[in-house]
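Down below is the structure, laid out as structure tokens.
The values are calculated or read from the model by the stated rules, or taken from the named source; none is laboratory data. Predicted, not measured: the structure shown is a model, and the values here were computed from it. Here the Cβ positions follow ideal geometry from the backbone for every residue, glycine too, while neighbour counts run over all protein chains shown. Surface areas here come from the heavy atoms of the whole protein model, side chains and all, with no ligands, DNA or RNA. Shrake-Rupley method; radii C 1.70, N 1.55, O 1.52, S 1.80 Å.
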Amino acid sequence: MSASAPAPAVAPSPRLTSELTTGWEFRFDDEWSLEQVQEAPPDEWTEVALPHSWNRLGEYRVGRTEATDNGQGKGWYRRTIDGGLLDPQLRHWIEFDAVGNVADVWLNGEHVGWHAGAFTRFRIDLTDSLDFRGDNVLLVRADNSDPQPGSTTQHVIPLLGDFFIHGGIYRPARLLSVPPSH
């Protein structure tokens, strides 16, 4: 009879992950400025959960019906993050699995990053803009505008194709909290 070796100890992950599925508000509005978004009362927003797209497709036929919504433009998302629940000794990153097609991100009125490309995961470090004493307002502007000359999506691929670029935060998002050595 042989003695079996003890199972190796597994170290706990230093990464804390908080899924950001609920608590989002949305408005599709090409004309809204950052100032209007920051001052908009709750009744000007619609509650949504992620993943979310403002488009409704799914009709695989030559002609579309009124059930199709393939609108292109800019949509705004708003969510509050409670800084009092976050460890100020860690770095806090927001991770999006995809936003179509260009994403701009603000935290507490400060532009903290952007990403171009509708199909790739990206992260933005929020730490330096977080208030660890209370609520933090996260704003995301998703833009799937037609890639015309002079538009914000002019050079963002794909420029053409037989498929549609959904607008919105159409894949999951989460908050990652990691040690500074991350």
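Please list 3J(HN,Hα) in residue order for the stretch 128-137, calculated via the Karplus relation 6.51 cos²θ - 1.76 cosθ + 1.60 where θ = phi - 60°; whole Hz, with x for glycine and proline.
The phi angles translate into 5, 9, 6, 9, 7, 9, x, 6, 10, 9 Hz.
Consider a paramagnetic label point 7 Å from the Cα of F132 along Cα→Cβ; state which residues of the stretch 81-104 have an amide N under 11 Å from it.
So the set is 84-92.
Leaving ligands and nucleic acids out of the surface, order R174, R91 by accessible area at 1.4 Å, largest first. All intermediate terms of the calculation are to be shown ahead of the outcome.
Numbers: R174 25, R91 65 Å².
Order by accessible area, largest first: R91, R174.
Explain nothing, just the number: relative contact order of the stretch 97-146, from Cα pairs under 8 Å at least 6 residues apart, as a whole percent. Could you put the intermediate results ahead of the total?
On the way: 84 pairs, mean separation 24.0, N = 50.
Relative contact order for the stretch 97-146 comes out at 48 percent.
With the convex hull built on the Cα atoms of the stretch 78-159, state its orientation-averaged projected area in nm².
On the way: hull surface 22.1 nm².
It is 5.5 nm².
Any chance you could run the full-extension gain for D97 through L16? It's 0.36 nm times the residue separation minus the Cα-Cα distance, nm to one decimal. Could you put the intermediate results ahead of the total?
Numbers: separation 81, 0.36 × 81 = 29.16 nm, distance 1.69 nm.
Roughly 27.5 nm would be gained on extension.
E35 accessible area, nearest 10 Å², 1.4 Å probe?
About 110 Å², rounded to the nearest 10.
How many nm separate the modelled label positions at E39 and E110, each set 7 Å beyond the Cα in the direction of the Cβ?
Label at E39, label at E110, 2.4 nm between them.
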